[in-house]
Each structure stands twice: as C-alpha cells, then as structure tokens.
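Participant: If you scroll down you'll find the structure; I have some questions about it.
Derivation of every value follows stated rules applied to the coordinates shown; laboratory data play no part. Keep in mind that this is a model prediction, so the values were computed, not measured. With ideal geometry, Cβ positions are generated from the backbone for all residues, glycine too; neighbour counts draw on all protein chains shown.
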Amino acid sequence: MISTDADARSGVLYAPMPAATEMLRRLELTASHTLLYKEAVISDGTTIAVLGTCMREPDRDAPPADAYRGDAPTRLRVTSASSYPLVISDDPSALK
C-alpha cells in the first residue's frame, strides 16, 4: 500500500473538509455515516500496481463524437467491488 499523506474523517460528529464535500456531492453521497478519507500523492514517473475492478463509463469531459452515430467517448474507471477491494501500491514486490 502507498503511505498516506493526509487522513481525515467526516460524519455526524465531524464536518467534512471542502475537498471531501465536493467528492461526496459528485458521488451523490451524504456523510450520514462516519467516513474515513485517505490521500496520497503519486509523483509523475512513479511505477505503481493497481488491483481492482474496471469498467467503462461515459467521459463527460471529452469532446462529443464526430460522427452523428459515432460511439460516445468513454473512460476507464478503476474501483472496488465487494469481493475485490481497490489496492494501489508502490511497493516493488507488488509489481512482480
């Protein structure tokens, strides 16, 4: 696992920090339960291993397709599933 640079929590007794509030709004979630946030900075050029579940989703930031019936732009989203937690590591042994 990558070591975290910042930890925070939110919930009924803890107000979320501004960045967490924005993330919760985008995900259409509320902080009605206690949530723990961990943040790590991964520098450009760092080799990492990512284990999780991948899916394609519409890319709202991409320009529209050129053709009238062209495929809508998509992006790859890496997330966790109930049986497969999302793991991101910079440990060299995880890359073998």
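Participant: Using a Förster distance of 25 angstrom, determine the FRET efficiency expected from the C-beta separation of Arg56 and Ser82, and round it to 0.05.
Facilitator: The value I calculate is 0.80.
Participant: Next question. Can you figure out the FRET efficiency of Arg26 with Thr46, using R₀ = 22 Å and their beta-carbon distance, to the nearest 0.05?
Facilitator: 0.30
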